[in-house]
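The structure appears below as structure tokens.
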Amino acid sequence: MSEWLSREEALERLKVRAQTLYAYVSRGRIGMRPDRADPRRSQYRADDIAALATRRARGRSPSAIAESAIAWGEPSIATSISTVLHGRLIYRGRDAVALSGHATLEEATAVLWGLSEPAVFAPPSPGAPHRGGRAAAFAQLALAAAEGRPSLGRGATSLHADAAQAVGVLASALGAPAGPDPVHRRLAQGWSVDAGGAEAIRRTLVLLADHELNASTFAARVAASTGAPLAACLLAGLATLSGPRHGGAGEAVMQLAEDAARHGADAAIRRWLSHDRPLPGFGHPLYPDGDPRAVALLAAIDTDETLRSLENAAFVATGARPNIDLALAALTRGLGLPSDAPFRLFALGRSVGWAAHTVEQITGGGAIRPRGRYVGPLP
């Protein structure tokens, strides 16, 4: 659980005046809460203060700033699409959790893309097969990328049309049959899920639609900065998402749940941590007090006894609360979805955010081309 400091402790660690501390709080760089022992006083999040102190110690040289920004540092790309602020996920000024209470992915796309009407993800022709799975997603999106037009120099309307087509291709490849219904209902149909399950899938897709400048979104923006076709930019995001430290975390949670079902939650967690592996499904650097996406999704579905015991045991062992990966595992187990459903849902929901960032990069940004700081031998 996150540590909290008094004002005096915060000032001592940062070595700044009180006015500077308050400025950091007002800019969202340091979390603050009332002191539970004395509500007239405030406490400040220790993790935020430690990160700021480290950056101050590094100095302000360009190389130091760049290195600190590349790993959980200050965002280095200006965006108006989404952010995480004071423990809340915001889509263009709207609370994402509140939006997930009623919106479809198509309606959330309109928010993220700045459209006046819900997006339409045109699927392939009604007779086209929908195989459903990671391999199909890569294959179909790669084909669309190879046939796509370069994005450089084109307007937002044209780019959004390409993006909607690419998301439609991805939805079909991930298991959504063709049809006029919103994509969550088509997925539910493909997975033989009832209306209640379809609602949970709808909420999930909206909660996953974007998450500021994460690794896969950054990859999509790098591809966009070169003028690559829209589908190629989404393919760059999909490739990055497949890593075990990003979208692949859901598979690790499913494995942890299987271990807990066989050996008990406490034993499974002890064994996982004994191999010096971070516990999947729990904790998030941007949400020290808990992932609101997980809270919203877990409240809308029935969690089985195995995952409930895991949640309790993980909190005792680490103090960490569930994140969205744990919630995806709960949804998958509760609805009897395919074992790779966490990745499929993540990929489809996040493709909307990749497209939003791609269009923003193409229409308002230049090439993203960082320099390497060479540390090898010289001639």
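A few notes on this one:
- Once exposed loop chymotrypsin sites (Phe, Trp or Tyr not before Pro) are cut out (DSSP; at most 13 other Cβ, 10 Å), longest piece of the chain: 73-373
- If R0 is 45 Å, the Cβ-Cβ spacing of GLN189 and ALA267 corresponds to a FRET efficiency of close to 0.70.
- Extension gain, ASP95 to GLU305, is 72.5 nm, computed as 0.36 nm per intervening residue step minus the present C-alpha separation.
- A straight chain from VAL295 to VAL375 at 0.36 nm per residue would run longer than the Cα-Cα distance by 24.4 nm.
- Kirkwood Rh and Cα Rg combined as Rg over Rh, evaluated for the chain: 0.98
- Signed unit charges on C-beta, dipole axis of the stretch 263-379, positive-most listed residue ALA317, ALA294, LEU273: LEU273
- With at most 12 other Cβ atoms within 10 Å, longest stretch of the chain clear of loop trypsin sites (Lys or Arg not before Pro) (DSSP): 61-244
- Cα gyration tensor of the stretch 240-376 - equivalent ellipsoid semi-axes, whole Å, descending: 31, 20, 14
- Extent along principal axes [Cα atoms of the stretch 171-262; Å; largest to smallest]: 43, 41, 21
- For the stretch 224-313, the orientation-averaged shadow of the C-alpha convex hull comes to 7.9 nm² (one quarter of the hull surface).
- Distance between the modelled labels on THR20 and ALA146, one decimal in nanometres: 5.7 nm (7 Å Cα→Cβ projection).
- The calculated 222 nm mean residue ellipticity attributable to helices in the chain amounts to -17000 deg cm²/dmol, summing -39500 (n - 2.57) over DSSP H runs of n ≥ 4 and dividing by all residues.
- Pairs of Cα atoms nearer than 8 Å and 6+ residues apart set the relative contact order; for the chain it is 19 percent.
Coordinate-derived values only; no laboratory data. What you are looking at is a predicted structure, and each value in this text was computed from that prediction instead of being measured. Ideal geometry is used to build each Cβ from the backbone, glycine not excepted, and the neighbour counts take in all protein chains shown.
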